[in-house]
Amino acid sequence: MVVLHRFPVFFALILLFSACTKKEFYGDASIHFAIQVDGDDVRYHLSDYQNVAGNRYKIDEVKFFISDVAFITHSGEKVKVATDDGIHYFDSNIPSTFDWNVKNLIEGQYDSITFVFGLLPEQNVTGYFVNPPENNMAWPDVLGGGYHYMQINGTWLAANDTVKMFNLHTGIGQIYDQGEITSFVPNFFTVSLPLNSFAIDREALSGLQLVMNVNEWFSNPNVFDLDEFGGSIMQNQAAQQLLRENGKSVFSVR
């Protein structure tokens, strides 16, 4: 009689089945957005600030999009945020936008967070947002369409002590030849920030604070002088490029 050694095969199948059906647990996280100037919370319309170019300025409002938000595990796995298509809109006039609760992140330890400042091309198309306040950020179709990535509006003390309005508005840039637009430039960029002992726990809401330092838009690695570029830059790709390069050091995690 031939004895078939079924038991090792049987237990191997059980182990394989257990591995294949390993249950993943999920938790939520809260991201709080703070707007500061060199460590102090912005006092809109009130405080005078000074950048490295020597411009004295006041901030009236700050608005921006971040998108393609993801948390990166220690092993390098990218866990994308699915909440709200991975897009968050911040508006200093709307307190409900100061906090963003993201759902169903895989439980575990994360080493960094990444996001796109602005919108990816597949999202940055006219009509993607049908309701305010997001659709109020529309970028003119003739200038490339889609939406503003950012609006920082305020005033600065220009030459001869003249108070002028500035609008740091970023979005799709344009290349001109003899006054005609020949091509468009997507000015979004990616930010990656380290996280210190940040974990998603299904038992408790995890939280972090994402801080924008407005003065960094004017200083690193390029000095951005309002007296040089003026108050409106939507059609100035050179100015847009400087802000794009400076933007990578604007954010920090607390």
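Specify the residue that is nearest to S183 (Cα to Cα); the eligible residues are those in region 140-156 that are touching a residue at least 60 places away in the same chain (Cβ under 8 Å) and hydrophobic (A, V, I, L, M, F, W, C). Top of the filtered list is L143. For region 185-193, the criterion of a residue being in contact with a Leu (Cβ under 9 Å, 6 or more places away or on another chain), under 18 Å from Q237 (Cα atoms) and either open to solvent by 60 Å² or more (accessible area, probe 1.4 Å) or among the aliphatic types (A, V, I, L, M) (or both) is satisfied by at least one position. Annotation note: Cβ proximity below 9 Å between a residue of region 218-229 that is at pLDDT below 95 and a residue that is among the aliphatic types (A, V, I, L, M) (sequence gap 6+ or interchain) occurs for N220/V52; N220/V250. When each of A34, A53, A70 is tested for being modelled with pLDDT of 95 or more, of a type in the set (A, V, I, L, M) and part of a loop (DSSP other than H, G, I, E, B), the lone residue that passes is A53.
Of the residues making up region 90-133, those that are in contact with a strand residue (DSSP E or B) (Cβ under 8 Å, 6 or more places away or on another chain), farther than 27 Å from T73 by Cβ and either among the polar types (S, T, N, Q) or buried (at least 18 other Cβ atoms within 10 Å of the Cβ) (or both) are D91, S92, N93, T97, N124, T126, F129.
The values are calculated or read from the model by the stated rules, or taken from the named source; none is laboratory data. Remember, it's a predicted structure, so these values are computed and weren't measured experimentally. Virtual Cβ from ideal backbone geometry, glycine too; neighbours counted across all protein chains shown. Accessible surface areas use protein heavy atoms only, side chains included; no ligands, DNA or RNA. Shrake-Rupley method; radii C 1.70, N 1.55, O 1.52, S 1.80 Å.
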